[in-house]
1. Below 8 Å, C-alpha to C-alpha, sequence gap of six or more: please give me the relative contact order for the chain in percent.
2. Identify all aspartates and glutamates with a Cα-Cα distance to residue 353 below 12 Å; exclude those on the same chain that are fewer than 8 residues away in sequence.
3. Let a ≥ b ≥ c be the square roots of the eigenvalues of the Cα gyration tensor of the stretch 208-296; is it rounded (a/c under 1.5), or, if not, prolate (a/b larger than b/c) or oblate?
4. Output the relative contact order of the stretch 131-235, whole-number percent, from Cα pairs under 8 angstrom with separation of 6+ residues.
5. Any chance you could tell me what percent of the C-alpha pair distances in the stretch 131-235 go past 18 Å?
6. Between residue 305 and residue 17, how high is the FRET efficiency from 1/(1 + (r/R0)^6) when r is the Cβ-Cβ distance and R₀ = 25 Å? Nearest 0.05.
7. Give the distance, in whole Å, between the Cα centre of the stretch 205-263 and the Cα centre of the stretch 83-143.
8. For the stretch 51-151, what relative contact order do you get, as a whole percent, if you take Cα pairs closer than 8 Å and at least 6 residues apart?
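Every number in this text was worked out from the coordinates using simple rules, so none of it is lab data. None of the values given here were measured: they were computed from a predicted structure. Every residue, glycine among them, receives a Cβ derived from its backbone with ideal geometry; neighbour counts consider all protein chains shown.
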Amino acid sequence: MRSTLVPASVATTELRALRAEVRAFLRESIGAGYFVPHTDSWQSGIDIEFSRRLAERGWIGMTIPREYGGHGRSALERFVVTEELLAHGAPVAAHWIADRQMAPSILRQGTEEQRQKYLPGIARAERFFAIGMSEPDSGSDLASVRTRATVDGDGWRINGTKVWTSVAHIATNMIVLARTDDGERHRGLSQFVVDLPRPGVTIRPIITIDGAHHFNEVVFENAYLEGDALLGARGSGWHQVTAELANERSGPERFLSPFPLLAAWAHAVGQADRPAQLELGRLLSRLLVLRQMSLGVARQLAAGAQPAVEAALVKDLGTTFEGDLVETVRRMAMTEPGAGLTPFDELLVDGIKHTPAFTLRGGTNEVLRSIVAKGLA
């Protein structure tokens, strides 16, 4: 049966040409000093200018329909581009959330006015989105959301706090999950598109262990939203978020975050280092399996399905692999004492510092395994 991910005619020559084009651009950018490859750059590498250089080449908003300012390309073409960006450690965090999950969500749930307002800006790397899901003291229990939106005339008033909101400090918009109605905990939740900056919204930095600023705490204090800020149907927030998480959890960023480190180590492993070669082979075999699983979820998403269980499995196995990758390289790699940090050492240090977040962000592995178990049952 033919894949719905991409027409058969696109699956060979055109994809290879696209990959070669992206790869050449990235290598040229590295050579020219536009960026230095980093581990986990899709999460922490914020570079608005670089995102706009990608947008000029049509590599953001690739699957957004042309009538909304996108490029009308296939999910597999986008997969090829994102793979290369991740493999080269490019600084793509500014636009990643908007392109990965907010554009598909607005296409599915948004009004025509919301599509016209937000999608062209996403494709041009002029609109950057943060996600307001997680809250203090809630862990991964998304249904325990306490942020509340109450009706105020023709609009809404929002009060509450969100944490771990990536790129909120540079975002032009934020999707906020809030409780609009009482009752059963999975019901009564709604989503809102918040334009930023806005009175009543305070954004405070959360500095990570490496001294970087890409996480934030966002506090809503009686912030007013117009009525057209509601995304989708009132009370349908839980189902909408679940659909979004399939996009968030299944992409190649869930197993390629430390790929620049793996590539650097692979180049350094000598032919005579048999133990290191065996470990490298094990890592590469796991990587290839994860890639096929991620492509399988992408096919389902392109066909209009909502593969929440499959996406959870990809993220669980993928982020576990990422941590194992960093630990294996740390254990096996040889460094020269007293020689100072080499580019390889800096990649390894990055990987070690970022590893604790791999299995936490986007839902802890314990929560993901619960989703998989319930789905299989």
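1. Working: 661 pairs, mean separation 60.2, N = 377.
Averaging sequence separation for qualifying contacts and normalising by length gives 16 percent for the chain.
2. Answer for residue 353, where 12 Å is the Cα cut-off: 40, 210, 327, listed by chain and number.
3. oblate
4. Working: 240 pairs, mean separation 32.3, N = 105.
Dividing the mean separation by the residue count of the stretch 131-235 yields 31 percent.
5. Numbers: 2414 of 5460 pairs.
The proportion of pairs with Cα distances above 18 Å equals 44 percent.
6. For residue 305 and residue 17, the calculated efficiency is 0.30.
7. Here the two parts' Cα centres lie 7 Å apart.
8. Details: 107 pairs, mean separation 30.4, N = 101.
The value is 30 percent.
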